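Structure record follows, encoded as structure tokens.
Please treat every number below as a calculation from the coordinates, not as lab data. Values in this document were obtained by computation on a predicted structure and should not be read as measured data. Counting neighbours? That spans all protein chains shown, and the Cβs are built from the backbone with ideal geometry, glycine included.
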Amino acid sequence: MNGAEHATMVVTARLPSGAPVRVEVAGTESGDGMTSVGLRDLDLGNALDTVAEIGSVVVDKLKAIKPTKATVELKLGFAVEAGKLTALWVGGKGEASLTVTLEWSEHPEAPASGGG
């Protein structure tokens with residue numbers, strides 16, 4: 001194993017406001033270290049649209065089962081694919097994950113009001 005398949009690099013992406021942000025990405029398109037040549041401003045907003053869509057699906061499903069409390073932890077990575085910043089649910093190492101914790105509790109009856 002030469003390690004290239006698990007290589008990461010740091011690229012500059014742009015927020016919708018235009019502000020730059022550095023993002024570590026997995027699995028460069030080529031193992032020669034030249035992937036960053038010719039990359040334009042990578043749009044973090046587009047990559048996060050995918051994250052938002054995944055989150056919406058999870059929230060919609062959780063609303064259907066009506067837990068008292070829900071905690072969701074979504075671990076994603078990023079990669080550059082075809083010159084675009086892309087959100088990865090399962091990266092090269094398979095470390096991305098979705099952890100969901102649900103709780104239901106019975107609400108105790110409200111005390112009867114004493115009328116006098």
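So here's what we get for this one:
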item: Approximate spin-label separation ASP43-TRP89, in nm, with each point projected 7 Å along Cα-to-Cβ; result: 2.2
item: Segment TRP104-SER17, extension gain: residue separation times 0.36 nm, minus the distance between their alpha carbons; result: 27.3 nm
item: J(HN,Hα) series, the stretch 66-76, from Karplus relation 6.51 cos²θ - 1.76 cosθ + 1.60, nearest Hz, glycine and proline x; result: 6, x, 5, 8, 9, 10, 10, 10, 10, 9, 10
